[in-house]
Amino acid sequence: MCGIIGYTGQKRALPILLEGLRRLEYRGYDSAGVALVDRNGLSVTKAAGRIFVLEQLIDTQLPQTHGIGHTRWATHGAPTDVNAHPHVDATDRIALIHNGIIENNRALRTYLEQQGIEFRSETDTEVLVQLIAHFYDGDLEAAVRRALHDVTGTYGIAVVARDELGVIIAARKGSPLIVGVGKGEHLLASDPAAILAHTTQVVYLDDGEMARITPDELRLTTLDAVPVARGVEEVEWSLEQIELSGYDHFMLKEIFEQPEAIETCLRGRIDLTEGAVRLGGLVDCTRELTRAKRIILTACGTAWHAALVGEYLFEELVRIPTETEYASEFRYRNPIIDDGTVVIAVSQSGETADTLAALAEAKQRGALTLGVVNVVGSTVARESDEGVFLHVGPEIGVASTKAFTGQVAVLAMIACYLGRRKHMSPTAAMQFISALAQIPDQMRRFLKNAEQTEGIAEQYCNRENWLYLGRGYNYPVALEGALKLKEISYIHAEGLPAAEMKHGPIALITKGMPVVVIATAGVQYDKILNNIEEVRTRGGSVIAIATEGDKEIQSMAEHVVYVPDTIEPLQPLLTSIPLQLIAYHAAVKRGCNVDKPRNLAKSVTVE
Ligand code: F6R
């Protein structure tokens, strides 16, 4: 989705803006642009396509020390040069970049056209810059404030004016913005990755706030001009974490980062000597949580699959009725939230529009809300009552991998934390925690010998239809495996609870159709062998994910990928990894752009 970068300071702005834009590429975009300001006026360059197209159009030696840059993911208006941001008002005095949607743009456009203003593009964003110019009389901050009062919709904006050298005005409603604090310089970004090369000191803007940024000063106010005092925070991510570091793709890097990521996620939170889980983010609401009558987990996509694992965990360990809801459905179906309902929003980015809307709905109806989020400072993190961070480091690959295992690990810890306070015996908790503590090493061991997944991908990557089957805790993993394959290799894949296959989808199975079956040791092992038999009888090619040491399965499957043994509730942490790798290799073999899959954006900030 769209990305924002801004710079005001002593250095040349253009290289900083272009580098920031490249760091935002992973979010998905279809055009890019920059506006630079100096005494000669505004210099705006923008183009449809990749950032290198923009670079070819611009003199990279330009000396300005003040400017803004944008990557656009088209919503209103096609991805053309004209519709790319920055947008400039009709008098060429003001330039603006915008993430979000101005919902009343048509009414505002009609009004402005009646005032004689001529528009150059079809975008809702141009409406906003024209409106700001309409109110501008030499004070950009005042004009932006005035214009935003007439706007409905969502925005993260950065605005510069020809006659206000060194000044960037930023405002946020529903679309994240942070200000990076340097020495004699400030940066502005929609994502910490864009500015991490320059500073880790940041100030987060909240919804309904504006910032006036100059090289030496950052002034925060509400939209109504009430001053806001907010401290500087440290971003915990390192530059290395957002670079490829020798890997071909971020997705592959992040798959291989999982052992360390989960180690960091668990660090300081599980205590093997006492068999206890400690979650600082839940301390203040533990009483309320243990008294909960119902838990609703809400999320989208991969996070929804992790939430579904969470549902199984909560019901088994905590014995509180739990449901998993697509965030987009939850919001619009008049959900029943009564006393004792806890709503947990699960999200890597913490900026997914549907998840945010579900969270807002839950809060408005009086639920206690928790966020299970990766990005510190994100909107879900800020808007939830309490929560637990994943701490798996930045996820740049569009296909979510380490965030999935991080979400499952956090939900497992929450389940054990609450379970121990309800029905779980000390021995059961100790066994659970010991198994959890072994997961990073087990992941490491699996990843050391994972080449087999590449051969499997090679053999079947030209098959256009795949099935993924799992039972119990591995049913969500089947869904996740299918999603991974679909989104990066564009192969059609369906994930199912294995037993459901015979209620219809079995009709799809033809000779040689790849069917991935997660058949690890557990209470339903015999049942899943039956399902494998059903597939084989119809000619399907079975790729089984099985527990190390299981010889029986070898005669039943074309391929067996072994994962280390763990308790059933934690199996998704291991069984998901071969499926991530199969999807990755299939996509590479089909020549797909793994880190920039077609039509996808990293963080879906529109509903
Ligand atoms: C798939 C994927 C998406 C996200 C979904 C939610 O690989 O990444 O399905 O999981 O868009 O995103 P977050 O977790 O940021 O809310």
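The values are calculated or read from the model by the stated rules, or taken from the named source; none is laboratory data. Quantities reported herein were computed from a predicted structural model and do not represent experimental measurements. All Cβ positions, even for glycine, are placed from backbone atoms using ideal geometry, and neighbour counts span all protein chains on display. What goes into the accessible areas is simple: the full protein's heavy atoms, side chains included, and nothing from ligands, DNA or RNA. Shrake-Rupley method; radii C 1.70, N 1.55, O 1.52, S 1.80 Å.
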key: Hits in segment 216-242 - residues which are modelled with pLDDT of 90 or more and either open to solvent by less than 20 Å² (accessible area, probe 1.4 Å) or within 19 Å of the chain's Cα centre (by Cα) (or both)   = LEU220, THR221, VAL235
message = For ILE97, only one of the following conditions fails: (1) closer than 22 Å to ALA189 by Cα; (2) modelled with pLDDT under 95. What is its number?
response = (2)
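Per-residue answers, yes or no, for (1) open to solvent by 50 Å² or more (accessible area, probe 1.4 Å); (2) assigned to a helix (DSSP H, G or I):
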{"position": "ILE97", "(1), (2)": "no, no"}
{"position": "GLU141", "(1), (2)": "no, yes"}
{"position": "ARG145", "(1), (2)": "no, yes"}
{"position": "LEU148", "(1), (2)": "no, yes"}
{"position": "ASP163", "(1), (2)": "yes, no"}
task = Select from segment 385-418 the residues that are hydroxyl-bearing (Ser, Thr, Tyr) and within 13 Å of the ligand (Cβ to nearest atom) and write down the one among them that is farthest from VAL588 (Cα to Cα).
result = THR405
inquiry  = Test of understanding: among GLY153, GLY166, which residue is within 20 Å of VAL37 (Cβ to Cβ) and small (Gly, Ala, Ser)?
reply    = GLY166
request  = Name every residue in segment 385-411 that is among the hydroxyl-bearing types (Ser, Thr, Tyr) and open to solvent by 10 Å² or more (accessible area, probe 1.4 Å), in order of residue number.
outcome  = SER400
ask   = Counting just the residues of segment 568-607 that are closer than 13 Å to ASN474 by Cβ and of a type in the set (A, V, I, L, M, F, W, C), which one comes out nearest to the ligand (Cβ to nearest atom)?
value = LEU579
note = Exactly one of THR566, THR575 is open to solvent by less than 60 Å² (accessible area, probe 1.4 Å), part of a helix (DSSP H, G or I) and in contact (Cβ under 8 Å) with a residue 24 or more places away in the chain, and that residue is THR575
remark   = Filter segment 466-508 for residues that are of a type in the set (Lys, Arg) and open to solvent by 10 Å² or more (accessible area, probe 1.4 Å); the one that is nearest to THR324 (Cα to Cα) is ARG471
query = Are there any pairs with C-beta distances below 7 angstrom linking a residue in segment 1-27 that is closer than 20 Å to ILE242 by Cβ and free of Cβ contacts under 8 Å to residues at least 40 places away in the same chain to a residue that is among the hydrophobic types (A, V, I, L, M, F, W, C) and in a helix (DSSP H, G or I), with the two at least 6 apart or on different chains, and if so which?
reply = ARG22/ILE51
key: Which numbered condition ASP92 misses (of (1) surrounded by 14 or more Cβ atoms within 10 Å (Cβ to Cβ); (2) touching a residue at least 40 places away in the same chain (Cβ under 8 Å); (3) under 30 Å from ARG23 (Cβ atoms); (4) not β-branched (Val, Ile, Thr))   = (1)
Residue among THR302, THR298, THR352 that alone is β-branched (Val, Ile, Thr), within 13 Å of the ligand (Cβ to nearest atom), within 16 Å of GLU383 (Cβ to Cβ) and open to solvent by 10 Å² or more (accessible area, probe 1.4 Å) = THR352
ask   = Which of the residues that make up segment 305-325 are more than 16 Å from the ligand (Cβ to nearest atom), of a type outside the set (D, E, K, R) and open to solvent by 20 Å² or more (accessible area, probe 1.4 Å)?
value = TYR312, PRO321
key: Filter result (surrounded by fewer than 21 Cβ atoms within 10 Å (Cβ to Cβ) and basic (Lys, Arg)) within segment 327-344   = ARG333
message = Quick check on my filter: what residues within segment 412-450 are surrounded by fewer than 19 Cβ atoms within 10 Å (Cβ to Cβ) and basic (Lys, Arg)?
response = ARG421, LYS422, ARG444, ARG445, LYS448
